[in-house]
Amino acid sequence: MIAAISSSVSSPRSRSAEAAAGADWPGLAKSQRHEGRDLRVTTDLRAVMKGLLSDHLKLSSAAIDNTVLPGSAAVKKVSLLA
C-alpha cells in the first residue's frame, strides 16, 4: 500500500502537491528522502516563528533578526495569521 502511494505521489512534481505542502514538495520516493528514509525538510521553522512573532506579538523585524533569532535576516517570514 505504501509503495503504491509513494509511486503515485512521487511522479513529476505537481503544483497541487507543493501547494498542499506549503513549500517545495520533494516527493516520497526513496531517492527523494533524506538518507533514503526520512522526509526532507520543506520549511525553515525560523520562518514560521518570524511570522508569529511579528504578526501576533508585533515585534519589529530588526528585533527578531538581531535579538530573538540572530542570523535569520535572510529567512523570509511565513504569515499564518490572516
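At a glance:
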read-out	value
Prolate/oblate/rounded label for segment 43-82 (Cα gyration tensor, a/c 1.5)	oblate
Positive minus negative residues near residue 30 (Lys, Arg vs Asp, Glu; Cβ under 14 Å)	+1
Summed residue charge, Cβ within 14 Å of residue 76's Cβ, Lys/Arg positive, Asp/Glu negative	-1
Contour excess over end-to-end distance, with Cα ends at residue 52 and residue 79 and 0.36 nm allotted per residue	9.0 nm
Cα-based reach from residue 58 at 23 Å (exclusive), listing lysines while leaving out same-chain residues under 8 positions away	50, 76, 77
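A short reminder: the numbers here are calculations on the coordinates, not readings from a lab. Bear in mind that the values here come from a model prediction, so they are computed numbers and not experimental data. Cβ sites come from the backbone with ideal geometry, for glycine too, and all protein chains shown count toward neighbours.
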